[in-house]
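Colleague: Can you read through this structure? Questions will come right after.
Here, each number is a calculation from the coordinates, and none is a lab measurement. Computed from a predicted model, the values in this text were never measured in an experiment. Please note: Cβ atoms are built from the backbone with ideal geometry, for glycine as well, and neighbour counts cover all protein chains shown.
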């Protein structure tokens, strides 16, 4: 276990500033995600933590001590990449034990540790197989085993599941979470997958253009995004422009009560799951009812995504599969404005 602090990290590539005052702290045994699109600075941050790249300024601190001048192999930090980078001429047990062998660990201690890791990662029966004889998921487990065998203080995961199919990806996520919580290894996961970050993390850093836009718990990130850019990045939203005046939001759809008591222009963002669809003749207990027509429909297993045209606007709505409506059908929309997030014009310009 270790506490990790990333402090005021800046980095340029030629004239392009790729990291701008990156700051975050991870407590003992926590797992955090660096979440963002390609090119936002996630992997560069990871490489600086690992010592594979030097920052222009700032510091990396583990348990109150700077490791900026400590070579990568002595930082007690390991990194697992998307491409597992296993040695093709070594079998499973030799790949897992490679770091221990290089560190001069006695053979019987190394062998015991390798056996422990093989059991932990459910690689029994694959000890003598070479990487080309393993599936993608098995190779990634061997790469993870090689990292865990040296008992790192900090584990770095750089898009480790992105090349796996959906079933293997889900299995690896659950396996890594189980092991991370059991061993309480401080972990940083780089991902562009929002679902992965939300399900795996104690905290998430949303990265955009070399900045951390928001660093918070998954629940707060999803329910209280700091600005419209973060809100849109996390998933489809409905934007309703208007102005608020002492708790009443005024827009072209009508006037609605919200928990904002200033007086300013802006917009409310409503998640698709916070709009309820009703048939046109169905009674509603809500006063905030709008009439519309189903324009598009996408079936996604346990959910159905609709586009509903109402008051010259297109509303995105997510409904469970038991509430089925047809394209062209007249419907009612109950918009839960109390769950919407109001952003002022100032918020939008940040």
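Colleague: Quickly rank 10-17, 108-115 as a protection proxy: mean count of other C-beta atoms within 10 Å, highest first.
Modeller: Working: 10-17: 12.0, 108-115: 15.4.
Top to bottom by mean Cβ count within 10 Å: 108-115, 10-17.
Colleague: What full-extension length gain, to one decimal in nm, is calculated for residue 21 and residue 243 as 0.36 nm per residue of separation minus the Cα-Cα distance? Kindly include the intermediate steps, with their values, before the conclusion.
Modeller: Details: separation 222, 0.36 × 222 = 79.92 nm, distance 3.42 nm.
In short, 76.5 nm is gained.
Colleague: Under a 10 Å cutoff between Cα atoms, tell me which one of 333, 198, 156 has the largest fluctuation in the Gaussian network model of the chain.
Modeller: Highest fluctuation of the listed residues: 333.
Colleague: Given a cut-off of under 8 Å on Cα pairs at least six residues apart, what relative contact order in percent is computed for segment 4-231?
Modeller: Working: 413 pairs, mean separation 68.2, N = 228.
So the answer I get is 30 percent.
Colleague: I've got another one for you. Using alpha carbon centroids, what distance separates segment 64-137 and segment 225-291, in Å?
Modeller: 52
Colleague: So if we plug the beta-carbon distance of residue 74 and residue 195 into 1/(1 + (r/R0)^6) with R0 = 30 Å, what FRET efficiency do we get, rounded to 0.05? It would help to have the intermediate numbers written out before the result.
Modeller: Values: r = 36 Å, r/R0 = 1.20.
Efficiency at R0 = 30 Å is approximately 0.25.
Colleague: What whole number of Å gives the distance from the Cα centroid of segment 153-171 to the Cα centroid of segment 297-330?
Modeller: 33
Colleague: Also: 7 Å from Cα along Cα→Cβ at both residue 264 and residue 107: what's the point-to-point distance in nm?
Modeller: 7.1
Colleague: Have a look at segment 236-344 and give its Rg and Dmax from the Cα atoms, expressed in angstrom.
Modeller: Every Cα atom of segment 236-344 included, Rg and Dmax give 14.0, 43 Å.
Colleague: Could you tell me which of rounded, prolate or oblate describes segment 156-214, using a ≥ b ≥ c as the square roots of the eigenvalues of the alpha-carbon gyration tensor, with rounded for a/c under 1.5 and, failing that, prolate when a/b is larger than b/c and oblate otherwise?
Modeller: Details: a/c = 2.18, a/b = 1.33, b/c = 1.64.
Oblate.
Colleague: Return one number: the angle in degrees, 0 to 90 and rounded to the nearest 10, between the long axis of the Cα atoms of helix 107-120 and the longest principal axis of the Cα atoms of the chain.
Modeller: Relative to the chain, helix 107-120 is tipped by roughly 20 degrees.
Colleague: Summing -39500 (n - 2.57) over the DSSP H runs of n ≥ 4 in the chain and dividing by its residue number, what mean residue ellipticity at 222 nm do you reach, to the nearest 500 deg cm²/dmol? Please report the intermediate quantities before stating the final value.
Modeller: Working: 10 runs with 89 residues, N = 350.
Helix contribution divided over all residues of the chain: -7000 deg cm²/dmol.
Colleague: Also, quick follow-up: Could you state the angle between the C-alpha long axis of helix 166-183 and the longest principal axis of the C-alpha atoms of the chain, as a value from 0 to 90 degrees rounded to the nearest 10?
Modeller: Compared with the principal axis, the helix lies near 60 degrees.
Colleague: Pairing the Cα long axis of helix 136-149 with the longest principal axis of the chain, what angle in degrees results, from 0 to 90 and rounded to the nearest 10?
Modeller: 60
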